[in-house]
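*Asks:* Starting off with a structure, shown below.
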Amino acid sequence: MSEPAIPSALSAVDRLVVSLVAGINMRALYGSEHPALASHVDRILEGVSAACQERQRDSLTFLVVGQDLVVETQPLRTGSLYHQQFIRALTRRSVERLTVARGLDAEECVRFLTPMALGGVPVSTRYITVGRVELQPSAIEEGPGPGTGAGGGAGPGGDSAIESLTAQGVDGARDAFTEFRTDRRGGLVRLEQVVWSLMDALQRATREILPLAPLKTHDDYTFVHSVNVSLLTLAQARSFGIEGARLHAIGLAAFLHDIGKLKIPLEVLNKPGKLEGDEWRIMMGHAQEGATHLCGIEGSHPLAILVAYEHHMRHDGQPNYPVPRIGRRPTLASQMTSISDVYDAICTTRPYAKARSREFAVSVLTGRVGTFHSPALVANFVRMVGVAPTGPPDEPAR
Ligand SMILES: [Fe+2]
Ligand SMILES: [Fe+2]
């Protein structure tokens, strides 16, 4: 079979789509070792590099939204035959999201093309992440939303949802977080994938979304807390109808909110009891530090930088920390993150304090309505977790 020519006027992303469609078609005709397939696989690998370079990213995510193909929040012109074929190929295998990353090799590429061409379930591998639509309508319909009482106890199927969420979310996050300390760009790509899997897990959860990740050691605290805050914030954002790439950006920003704490010495970070003088100043610096750290990473989402900077700022614009030159209210994603942050910090055993009840955490939040937190967002959150406050306590959040 002669190879179809790819018009050079197309963008690199369009050319990648053409190559993927051709690769799927060729795999339907030839065995996985056949040279005719190998040349198409080479084109796909080149296409991934070129498209990533064009978009100045280490990975690209395609989303199927109805009849449209969206790449990194931008709809592609979907009139072309290849776009339509690509959408059909993805939908046929229930793939609603596909992430391809730099580093993809031929073997992994063929492992993806095979079920796409011949049937079966395409699975996520190191450089290809496949988000499939779960064909369990009842579970999806019962997902948490405003007024559904997400914390009202696990219903039928709820326990397994929590287990898969915990295992996937925590193990993936642990690796990605470790990687992020040493390899900032590569780590960011993996964290992006972890957030997609958290979104998938949340989609599958029937009722119970809390408590989330188990804590193994004290040093684990910051990253376990990051997983929990991401999940809680995703749940809040989803309850407002935010979906897809926007939801992902919010979940990732929440995941990275305390990234500045990576620079705080453990003896300060985990100090039992109250922080004093310089210790408190160092602790407060984590918001600014986190934003600066993220600014230095190519491909960081602006929302992540903003949330890292703003997540301790008050809803009423009064000073907390950091203090911006002009007082202002934090953005919506920062406000949702701030609520998740306070709630999880109180409900999880911290190195310096024992876990308190959910009711206590909700009391802290409701006690800060109108000052630290938005009344509407707290009301939605309280409905979401489905617990009532116990009284009017308060405690400073780190
Ligand atoms: Fe923080
Ligand atoms: Fe936090």
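*Asks:* Step by step: first the residues of region 318-350, then only those that are more than 15 Å from ligand 2 (Cβ to nearest atom) and among the aliphatic types (A, V, I, L, M), then the one that is farthest from Met284 (Cα to Cα). Which residue is that?
*Replies:* Leu332
*Asks:* Related question: Which one of these is part of a helix (DSSP H, G or I), open to solvent by 20 Å² or more (accessible area, probe 1.4 Å) and within 15 Å of ligand 1 (Cβ to nearest atom): Leu275, Leu294, Leu306? Step through it out loud before you land on a result.
*Replies:* On the way: Leu275 fails: part of a helix (DSSP H, G or I); Leu294 fails: open to solvent by 20 Å² or more (accessible area, probe 1.4 Å).
Only one candidate qualifies: Leu306.
*Asks:* When you go through (1) without any contact (Cβ under 8 Å) to a residue 24 or more places away in the chain; (2) within 16 Å of ligand 1 (Cβ to nearest atom); (3) over 24 Å from Gly241 (Cα atoms) one by one for Ala345, which number turns out not to apply?
*Replies:* All conditions pass for Ala345, except number (1).
*Asks:* Check region 249-263 and report whether any residue there is more than 13 Å from ligand 1 (Cβ to nearest atom) and touching a Lys or Arg at 6+ places or on another chain (Cβ under 8 Å). Walk me through how you get there before you give the answer.
*Replies:* Keep residues of region 249-263 that are more than 13 Å from ligand 1 (Cβ to nearest atom), which gives 249-252.
Okay, now just the ones that are also touching a Lys or Arg at 6+ places or on another chain (Cβ under 8 Å), so none.
For region 249-263, residues more than 13 Å from ligand 1 (Cβ to nearest atom) and touching a Lys or Arg at 6+ places or on another chain (Cβ under 8 Å): absent.
*Asks:* Could you say whether any residue in region 319-327 is within 16 Å of ligand 1 (Cβ to nearest atom), within 25 Å of Leu247 (Cα to Cα) and open to solvent by 10 Å² or more (accessible area, probe 1.4 Å)?
*Replies:* Scanning region 319-327, I find no residue that is within 16 Å of ligand 1 (Cβ to nearest atom), within 25 Å of Leu247 (Cα to Cα) and open to solvent by 10 Å² or more (accessible area, probe 1.4 Å), so the answer is no.
The values are calculated or read from the model by the stated rules, or taken from the named source; none is laboratory data. These numbers were taken from a predicted model, which means no experiment stands behind them. Cβ: placed from backbone, ideal geometry, glycine included. Neighbour counts: every protein chain shown. Calculation scope for accessible area: heavy atoms of the full protein, side chains included, ligands and nucleic acids excluded. Shrake-Rupley method; radii C 1.70, N 1.55, O 1.52, S 1.80 Å.
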